[in-house]
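Below is one structure, written out as C-alpha cells; the observations come after it.
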Amino acid sequence: MRINKQLLVVQLVFLSLYSCTEESKKPCDLQDTMFVSSTASHPCSGSGTIQIIGPVGANFQYKMDNQPFQNQPTFLNVKVGKHVLVAKDENGCEINKEVIVETIPKGNTFNKVSQILANRCSNCHSGNNPQAGLNFTETCDILNHWDRIQARAVNGSPSPMPQAGLIPIAERNKIIEWIANGHQYEN
C-alpha cells in the first residue's frame, strides 16, 4: 500500500482559548472553537500547510507563532513541529489553537539506507561531537551529505569508510539505488 506524500490531517478542537483586547468595549462573541486542517512536512524543509477553516471571514486576521497577522487563513511552507495559530476579529477578540505538523512518511529505500548508516557508521558519526560534524543518525545529515556518503562508503574515495573497509556490496547497492533515484527522503 502506498501512502500519499502529504497526508491531510484534519484536526478539530472543541476547547480553545479566546480573549478580547482592553481597547474594545464590545463583548467578545467569538466562538470558542477553531477548526484547522494541515498537511505533513518534509523533515528538513518546511513543506507543510496549515489552513484555518473556522472561524474565517473578511473581519478576521490570522497569525502563526510569532509572525505578524495576515488576512489569509492559510500558512504555507510550515516546518514539522508544534505551532500556535491565532484568529482575531475586528473587535480584537482572539481565539488560538496549538497544531502539530507531522513529518511525511519515510520512503522504503531511504529507510533501508538510514538503517545501514546507523549500523555501519554511527560509532563515529553520531552523538554530541560526531566525526567531521556529520551525524548519520540524523535524517537531514544523511540527506544533505549523500555525496559524501557515496564517496566514502560506496566508492572508498579518498579512503574507505568505515576505516576497516567498505561495507558489504549488498548494502552499498542499496545506497547506490537510493542515490540513483534522487537521494530523497520519500524514496
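Any read-out appearing in this document is the output of simple, stated calculations on the displayed coordinates, not a laboratory observation. The shown structure was predicted, so the numbers you read here are calculated from the model rather than taken from an experiment. No Cβ is skipped: glycine too gets one built from the backbone with ideal geometry, and neighbour counts run over all protein chains shown.
Looking at the chain, what % of its DSSP beta bridges pair antiparallel, to the nearest 5? Working shown, then result.
Details: 30 of 31 bridges.
Taking every DSSP beta bridge with both residues in the chain, the antiparallel ones total about 95 percent.
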For this session: Give the relative contact order (percent, whole number) for the chain; include only Cα pairs under 8 Å separated by 6+ residues.
Result: 18 percent
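Can you give the extra length, in nm with one decimal, that the chain gains between Thr103 and Ala151 once fully stretched, where that is 0.36 nm per residue apart less the Cα-Cα distance? Walk me through the intermediate numbers first.
Numbers: separation 48, 0.36 × 48 = 17.28 nm, distance 2.87 nm.
14.4 nm is the gain from fully extending Thr103 to Ala151.
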Seminar exercise, completed: Over its alpha-carbon atoms, the chain yields an Rg and a Dmax in Å of 22.8, 75
Problem set entry | Intensity falloff of segment 125-178 expressed as log10 I(q)/I(0), Debye formula with alpha-carbon point scatterers, at q = 0.16, 0.20, 0.21, 0.30 Å⁻¹ | -0.46, -0.72, -0.79, -1.28
Exercise. Separation of segment 31-83 and segment 109-133 by C-alpha centroid, Å?
Worked result: 34 Å
Seminar exercise, completed: Net charge (Lys, Arg +1; Asp, Glu -1) of residues whose beta-carbon lies under 13 Å from that of Ala153, Ala153 excluded, is +3
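Among Leu76, Leu85, what is the fewest-to-most ranking by other Cβ atoms within 10 Å?
Working: Leu76 12, Leu85 22.
With the sparsest Cβ surroundings first, the list reads Leu76, Leu85.
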Problem set entry | Pairwise label distance in nanometres, Glu90 with Asn173, each label 7 Å out on the Cα-Cβ vector | 6.9 nm
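Quick one: how many lysine pairs in the chain have C-alpha atoms under 13 angstrom apart, if they're 8 or more apart or on different chains?
Details: Lys5/Lys106; Lys63/Lys88; Lys63/Lys97; Lys82/Lys97; Lys88/Lys97; Lys112/Lys174.
Taking the Cα cut-off of 13 Å, the pair count is 6.
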Problem set entry | Rounded FRET efficiency, nearest 0.05, which uses the C-beta distance separating Gln184 from Gln72 and R0 of 25 Å | 0.25
Exercise. For segment 154-169, in order, what is each residue's ³J(HN,Hα) by Karplus, 6.51 cos²θ - 1.76 cosθ + 1.60 with θ = phi - 60°, in whole Hz (x at glycine and Pro)?
Worked result: 9, 8, x, 10, x, 8, x, 10, x, 4, 6, x, 4, 5, x, 4
Problem set entry | Qualifying trypsin sites (Lys or Arg not before Pro) for segment 106-135 [loop in DSSP, other Cβ within 10 Å: at most 16] | Lys106
